[in-house]
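Engineer: There's a structure below that I have some questions on.
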Amino acid sequence: MHRRWSILGVALLAVLAGCLGTGGDGEDLDAQSAEDVEERAGLPNVSETVERVVQVEDRWSGEPSILALDDGTLLITGAGGFSRYIEDPTDAPGHFGQSYIWRSTDDGERWDLVDIDTPGPSDEYTPYRNAVPGVEGDLSQDEGGRAYFVDLSMLASNGVSASDDGGETWLAAQSAAGLPGTDRPWITGAGEDEVYVKYLQTSTGYRVARSVDGGQTFLQDVSIPSCSQADPALDPGDELVIPCIGGEDGANLSVLTSPTGEAMDWTRTDAPDADGPAANVFPSLSTAGEGQWTFVYSEALDGTARVEAMTTTDGGETWSEPVTLSSTNSTAVFPWTSANEDGTVSVVWYEARGKAAPGEQDGEWYPMHASFQFEVNGSTLEQAEVTRITDEPNHEGPICVGGLGCVLEGRSDERRLLDFFEVDVDADGVSHVTWTDTTTDVPTIWYGQVDPAQG
């Protein structure tokens, strides 16, 4: 993305670039010698499982997260201020100080910007706002149905806000970080009024904070093992699970696990190594039942990048052989996965025809979707059904996957998709997907609905 940074911001980026660059200390994918683009093989067509594709709004935003609430309400958040690709960061009425939140109560047909144009953080129903705008948001809900929103304020602090009416109004935010200087918060709801925030503390490494009063206070904050990691998943056996990539070449895969509750005793369990270094910074993991996990990642191999998935039915003790979900002659990055308790698993990613490193790819990118089912003794991952979500591309040309290092290298135009997009599977097995489209004047957020049962 095009970014405007203060001198302090640039200094902080320089400190963090090594942490957030692809593959940690491993090989830079874009520096690898990309093969000549092979004969272009067509990607899967848009199938009848795709039921809806709509633009959420035409205002600028990116790197969206999505939440399907138990009552059917849908929420999307996306960055909308300072440090993002925007000509005028103040052109965000009612949202200066936080990422945007959109809400749909009609199954995703219409999206409304949540009106938070009320004065100051002291107001009872004002979500997170600060002197500088929010840059990275995330959404979750606890078992009692309370919705949560966490946002990062310019590498300074994390604010958590909660809603008890399906995201229509939000309580004033509370800080979930003990010290200033943080990055990329993720939020995970657990038992009723229990919520966890995982974030990077620039001075002490990765940490997890816990609240047991619905996000009003975070009195417990512990250090966890360091690796490139994403959103914690909640196992039905009351366990938090975080997917990790690490090692000198970024090919070492593992999971961090901890029981929910006060103990917060984190352990690392190795998973089978990838065949190549990580092709983008965030892996993803979903839980379809107790010990039934799907681990997805993008790996750099043979001058290109592909999306791989593997499953476990025993909480990471053993894993299936990895399955490549992306097409043979293509480039694929930014995988994300979600599952429901009935065993329906969905995976999304961006894919372009032709083999090339993401930063060398000159083709058109599309959001893709795969679905499969967990069964009693395993999963049907090998039979995953893959579809394009849209007929039209959402991005053209290279994607820089070097994290914040892309900005320092002057490649902001190639980072307009940022680092991820998301899917959330509801209780009926329907996938709710949100992604960024950069093919218009400014990047905008889109929503798609995929129902595997219609296939």
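Engineer: Under the definition of Cα pairs under 8 Å and six or more residues apart, what whole-number percent is the relative contact order of segment 373-418? All intermediate terms of the calculation are to be shown ahead of the outcome.
Structural biologist: Values: 20 pairs, mean separation 11.6, N = 46.
Contact order relative to length: 25 percent.
Engineer: Extension gain VAL376-THR204, at 0.36 nm per residue separation less the Cα-Cα distance, in nm?
Structural biologist: Values: separation 172, 0.36 × 172 = 61.92 nm, distance 4.15 nm.
Between VAL376 and THR204, full extension yields 57.8 nm more.
Engineer: Now for a different question. Which whole-Hz ³J(HN,Hα) couplings does segment 195-200 yield from phi under the Karplus relation 6.51 cos²θ - 1.76 cosθ + 1.60, θ = phi - 60°, glycine and proline marked x?
Structural biologist: For segment 195-200, the Karplus-derived couplings read 8, 10, 10, 9, 7, 9 Hz, x marking Gly and Pro.
Engineer: Report the FRET efficiency, 1/(1 + (r/R0)^6), for ARG411 and GLU192, where r is their Cβ-Cβ distance and R0 is 51 Å, rounded to 0.05. Numbers along the way, then the final one.
Structural biologist: On the way: r = 45 Å, r/R0 = 0.88.
Approximately 0.70, to the nearest 0.05.
Engineer: Here is a further query. Given contacts defined as C-alpha pairs under 8 Å and at least six residues apart, what's the relative contact order of segment 261-309, whole-number percent?
Structural biologist: Values: 53 pairs, mean separation 14.5, N = 49.
Across segment 261-309, relative contact order equals 30 percent.
Engineer: With N set to the number of residues, divide the alpha-carbon radius of gyration of segment 303-388 by 2.2 N^0.38 Å and report two decimals. Don't skip to the end; give the middle numbers.
Structural biologist: Values: Rg = 13.8 Å, N = 86, 2.2 N^0.38 = 12.0 Å.
Rg over 2.2 N^0.38 Å, computed on Cα atoms: 1.16.
Engineer: A further question on this structure: I want to check the label-to-label distance for ASP70 and GLN220. Put each point 7 Å from Cα in the C-beta direction and report it in nm to one decimal.
Structural biologist: Label at ASP70, label at GLN220, 2.1 nm between them.
Engineer: Here's another thing I want to ask about it. Grab the other residues whose beta carbon is less than 13 angstrom from that of ASP221, score K and R as +1, D and E as -1, and report the net. Walk me through the numbers on the way to the answer.
Structural biologist: Working: positive: LYS198, ARG207, ARG210; negative: GLU262.
Charge balance near ASP221 sits at +2.
Engineer: To continue, here is another question. Could you tell me the ratio Rg/Rh of segment 346-402? Both radii from Cα atoms, Rh via Kirkwood. Present the calculation step by step, with values, prior to reporting the outcome.
Structural biologist: Details: Rg = 14.2 Å, Rh = 12.8 Å.
Reported Rg/Rh, Kirkwood definition of Rh: 1.11.
Engineer: Once the piece of chain linking GLU48 and ASP270 is laid out straight, how much longer is it, given 0.36 nm per residue of separation minus the C-alpha distance between them? Before the final figure, lay out the partial values.
Structural biologist: Values: separation 222, 0.36 × 222 = 79.92 nm, distance 3.85 nm.
My answer for the length gained is 76.1 nm.
Engineer: Near the amide H of ASP273, under 5 Å away, which other amide H atoms are found, from residues 5 or more places off or on another chain, if H is placed in the peptide plane?
Structural biologist: Sorted by chain and number, the residues that satisfy this are LEU253.
Engineer: Hey, what do the phi angles of segment 232-241 turn into as Karplus ³J(HN,Hα) couplings, whole Hz, using 6.51/-1.76/1.60 and θ = phi - 60°, x for Gly and Pro?
Structural biologist: Listing the rounded values in order: x, 9, 9, 7, x, x, 6, 9, 8, 10 Hz.
Engineer: Right, here's the next one. Using only the alpha carbons of segment 331-445, what is the convex hull's orientation-averaged projected area in square nanometres?
Structural biologist: Details: hull surface 32.4 nm².
The directionally averaged projection comes out at 8.1 nm².
Engineer: Turning to a different aspect of this structure: Skipping prolines and chain starts, which residues have an amide H placed within reach, meaning under 5 Å, of the one on GLY403, given they are 5 or more residues away or on another chain?
Structural biologist: Hits under the 5 Å cutoff: THR22.
Engineer: Under 5 Å between amide H atoms, partner at least 5 residues away or on a different chain: which partners does ILE224 have, H built in plane at 1.01 Å?
Structural biologist: For ILE224, whose amide H was placed from the backbone, the distant partners under 5 Å are TYR206, ARG207, VAL208.
Engineer: What is the local net charge at VAL307, summed over the other residues whose Cβ is closer than 9 Å to its Cβ (Lys, Arg +1; Asp, Glu -1)? Walk me through the numbers on the way to the answer.
Structural biologist: Values: positive: ARG306; negative: GLU299, GLU308, GLU351.
Counting the neighbours of VAL307, the net charge comes to -2.
Engineer: Per-residue HN-Hα couplings for segment 59-72, Karplus 6.51 cos²θ - 1.76 cosθ + 1.60 at θ = phi - 60°, whole Hz, x for Gly and Pro?
Structural biologist: Taking θ as phi minus 60°, the curve returns 6, 5, 5, x, 6, x, 10, 9, 9, 9, 6, 4, 8, x Hz for segment 59-72.
Values in this text are rule-based calculations from the coordinates and carry no lab data. Quick caveat: nothing in here was measured; it's all calculated off a predicted structure. All Cβ positions, even for glycine, are placed from backbone atoms using ideal geometry, and neighbour counts span all protein chains on display.
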